[in-house]
C-alpha cells in the first residue's frame, strides 16, 4: 500500500517485534539510499493481530490480497505488482521465503487445482465489504472464534494484567474498559466542570489509555476526528511541562479503573 504494508506471517519462536524492527529498519535504509531521501518510510508503529489459523487464515489472506482493489489502486488483484496474489494463483513463481501451502492447502480438494480454487475465492469477494470479524480484529488485536478469543484471554492475557504486552497494545480492549460517559464523569469530578481541559483530558484518556476508537469518541463529544486528534495531542504536549496536570490525569485513570475493575495500558 502507499504508506504501509500487510504481512501474514507464521511465527515459530515468537520475537515478532524484533523481526519487524529488522524488516522495517533495513528496508527503510535501503529505500532511502536508493531514492536519496531520509526519515520514516512507513506510517506509524506496526500493529499485530493474533489469528486462529484453522478458521481465519484463508479469509485474512483474501482480505490482504483485496486491499489494493478496495483502496482503488487497481481493478484486479493480479495487476498490483507489490502483492503476492500472483504467486498464490500461479502467475509468478513464489520467492523462496513465501510459503503458499498453508493457504492453498485449505483450498485443496481431491481433484482440481487449489490455486484456481483460491483465485475464485478471492475474486468472488470483489465489490463486497470486508468481513466485520477482520475489521473488529484490527481494533482488538485477535481474530478467531469466540471460544478461541476466550481461551487466549484466559490463558495468556489475564496473566499479563500486571505486565502489559507492549507487542499487542490493542489487546487492552479485551480486558474491558469504562464507557465514555463514565470517563467524562470521573474527569469532571476531579478537574471540575468548568476546567478548560476537562473535555480534552477525557478524550485523551478514552483513546490513549482505554482504546476507544476516534470515531466513537467523536460521536460522543460531537466532534470531528481531526478535532479529537487535536485535543489528544494538546493534552500530550501540555503534560510534558505541567506536572500538576500529569498527576491529575493519572488520578483520573486510576479512579476509572477502580470503578470498572480494569487495568490501564498506556501506549
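No value in this document is a laboratory result; all are computed from the given coordinates. Since the structure is predicted, the reported quantities are computational estimates derived from the model, not experimental observations. Don't worry about glycine lacking a Cβ; one is built from the backbone with ideal geometry, like all the others, and counts go over all protein chains shown.
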Using packing as a proxy for protection, rank 118-127, 135-144 so that the peptide with the highest average count of other Cβ atoms within 10 Å comes first. 135-144, 118-127
What length, rounded to one decimal in nm, is gained on full extension from residue 233 through to residue 16, with 0.36 nm per residue of separation minus their alpha-carbon distance? 75.2 nm
At what distance in nm do the modelled label points of residue 72 and residue 37 sit from each other, each positioned 7 Å from its Cα along Cα→Cβ? 2.3
Could you check the spin-label model distance between residue 92 and residue 45? Points 7 Å from the Cα along Cα→Cβ, value in nm. 3.2
Here the Cα Rg-to-2.2 N^0.38 Å ratio for the chain is 1.19
With Cα atoms, 0 to 90° folded angle of helix 225-239 axis to the chain main axis: 60
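Say R0 is 25 Å: what FRET efficiency, to the nearest 0.05, do residue 254 and residue 215 get from their beta-carbon distance?
Efficiency, rounded to the nearest 0.05: 0.40.
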Taking the chain and counting helices only, DSSP H stretches of n ≥ 4 at -39,500 (n - 2.57) each over all residues, the nearest-500 ellipticity at 222 nm comes to -15500 deg cm²/dmol
Percent breakdown of C-alpha pair distances by 10 Å bin, ordered from the shortest bin, for the stretch 16-143: 11, 33, 39, 15, 2, 0
Ranked highest first by average number of other Cβ atoms within 10 Å, how do 232-239, 209-216 line up? 209-216, 232-239
How much FRET efficiency would the formula 1/(1 + (r/R0)^6) give for residue 195 and residue 29, where r is the Cβ-Cβ distance and R0 is 45 Å, rounded to 0.05? 0.45
In the stretch 176-260, if every C-alpha pair distance is counted and binned at 5 Å from zero, what percent goes to each bin? 3, 16, 29, 27, 19, 6, 0
